[in-house]
1. How do the helices (runs of 4 or more DSSP H) wholly within segment 3-97 filter down when requiring 3 or more residues that are in the same structural domain as C108 (by the TED database) and under 19 Å from the mean Cα position of the chain (by Cα): which remain?
2. Considering segment 140-154 alone, what residues qualify as being open to solvent by 20 Å² or more (accessible area, probe 1.4 Å) and either hydrophobic (A, V, I, L, M, F, W, C) or under 13 Å from V185 (Cβ atoms) (or both)?
3. Which ones in segment 98-127 are closer than 22 Å to Q213 by Cα, part of a helix (DSSP H, G or I) and either in contact with a Gly (Cβ under 8 Å, 6 or more places away or on another chain) or open to solvent by 30 Å² or more (accessible area, probe 1.4 Å) (or both)?
4. Among the numbered criteria (1) in a helix (DSSP H, G or I); (2) surrounded by 16 or more Cβ atoms within 10 Å (Cβ to Cβ); (3) at pLDDT 95 or above, which single criterion is violated by E130?
5. Being within 16 Å of C262 (Cα to Cα) and without any contact (Cβ under 8 Å) to a residue 60 or more places away in the chain is the filter here, so list the residues in segment 311-325 that pass it.
6. Could we say that V185 is assigned to a helix (DSSP H, G or I) and within 21 Å of F210 (Cβ to Cβ) here?
7. Open to solvent by 40 Å² or more (accessible area, probe 1.4 Å) and within 23 Å of D44 (Cβ to Cβ): does that describe R91?
Amino acid sequence: MCRNGSDRMAALFSPPLYLQRYQFVIEYVKRFIPRKVIDLGCADCGLLRKLKFHRNAIEVLAGVDIDCAALRERVNALAPLTIDYLQPSPRPLTIELYQGSVTEREPCTQGFDLVTCMELIEHLQLWEVEGFSNVVFGYMNPCAVIISTPNVEFNPLLPGLRGFRNKDHKFEWTRAEFQTWALGVCMEYGYSVEFTGVGVAPGQNRDVGFCTQIAVFQRDAGVSNGPVNNAVQMEPTVYRLLYRVVYPSLCDNNIFQRTLVCQVLYRAESLKREFELGEQSMQSDLTACAHSLPPDVVAGSTVVYRHRSHVFVPLQHVWTDPKVQALCGNIHRLRQALMDDSRVQLDTDRDAIILPDEGEEEEDEEETGECEEGNLTPSPVIDNSEEDWETEIG
């Protein structure tokens, strides 16, 4: 719940300890690719902000904290950025923030692949830890749980520290105490656990262990995780939903179509400009004629060509764009997607995109303007504004 980002921590660790904890979770997400992740005791939403940029396959990212004010202060940091709209992700992402206690059962928290509790458990009363264990491992029953907590054996190495690292800590465990609790949880709820940490002790003091001790729990293969909540829009019954945002993604048909058309037109316009530059460099009449063939002569052509006031760009050329290929998968799907879109004009054979020849349009506009200028007659200018003498004298 707290970063522990005091001056004494910053002086000892680079990068800071809280960033090392975040990076530990990010590396885990990269390796095991969870789809739904919930951070208990998320407070300033620092881990959630990191994970939204390193989400890999994450589709639901949730945070829970008892402090409503702290959550409300951070919601803007979780909102989509402009780049998320310009370059939508292939996968959906929903971010949710809940106000609630980690010792209470909330149906919305079931069905998650990964639960993280970074520097949370030490903020509970010892008598609350059993209830916390029952909620997380028994009720939520996720595939994996990552729990970090201070290693009290490391405290003598922290300059000027007296007592616990934070005034809100109710206890701080030794490595033996932490491991005893974790192994008890595994036996009761069907998990296995590995112990590690971040924040290496300086010099010859390695025997005290890591500054932050971490337990990574994995649910045993034969243990079911009970009811799975696949309904993203499910409303909480115990917790209070403070924030929910759905990021733009290519799973939305409208967003997919808009993204595809924008990329296709960008590619087609680029090919058209290349064609026009090539035209300008060609001087012979023979070459000029070859590039002005009518559509019935070059039907099915794989070259860019001009006909009257339009330039025809074959779909095969557009298809060479890696971004278009990533969106469509095959040229048949590309053709089908463009056929019913009014923003793209295809030829009768559905083999080429038709773009207007802007050069000829500009010439027509200039001729029209000259004609209009020739018929212009001067008109008197009438000034209807009244004289404001007070202002003039003023």
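1. Working: elements: 7-12, 17-32, 46-53, 68-74, 82-86.
Those helices (runs of 4 or more DSSP H) span 17-32, 46-53, 82-86.
2. Of everything in segment 140-154, those that are open to solvent by 20 Å² or more (accessible area, probe 1.4 Å) and either hydrophobic (A, V, I, L, M, F, W, C) or under 13 Å from V185 (Cβ atoms) (or both) turn out to be C143, V152.
3. H123, L126, W127
4. (2)
5. Narrowing segment 311-325 to residues within 16 Å of C262 (Cα to Cα): 313, 315, 317-325.
Of everything in segment 311-325, those that are within 16 Å of C262 (Cα to Cα) and without any contact (Cβ under 8 Å) to a residue 60 or more places away in the chain turn out to be V313, L315, H317, V318, W319, T320, D321, P322, Q325.
6. Working: assigned to a helix (DSSP H, G or I): yes; within 21 Å of F210 (Cβ to Cβ): yes.
For V185, the condition - assigned to a helix (DSSP H, G or I) and within 21 Å of F210 (Cβ to Cβ) - is met.
7. Numbers: open to solvent by 40 Å² or more (accessible area, probe 1.4 Å): yes; within 23 Å of D44 (Cβ to Cβ): no.
So R91 fails the test.
Condition check ((1) farther than 20 Å from V25 by Cα; (2) open to solvent by 50 Å² or more (accessible area, probe 1.4 Å)) across all residues:
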site	(1), (2)
R165	yes, no
A176	yes, yes
Y189	yes, no
E194	no, yes
V198	no, no
A201	yes, no
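The values are calculated or read from the model by the stated rules, or taken from the named source; none is laboratory data. Everything quoted here is computed from the prediction, not taken from an experiment. FYI the Cβ positions are ideal-geometry reconstructions off the backbone, even for glycines, and counts take in every protein chain you see. Ligands, DNA and RNA are stripped out before the accessible areas are found, and what is left, the full protein with its side chains, is counted by its heavy atoms. Shrake-Rupley method; radii C 1.70, N 1.55, O 1.52, S 1.80 Å.
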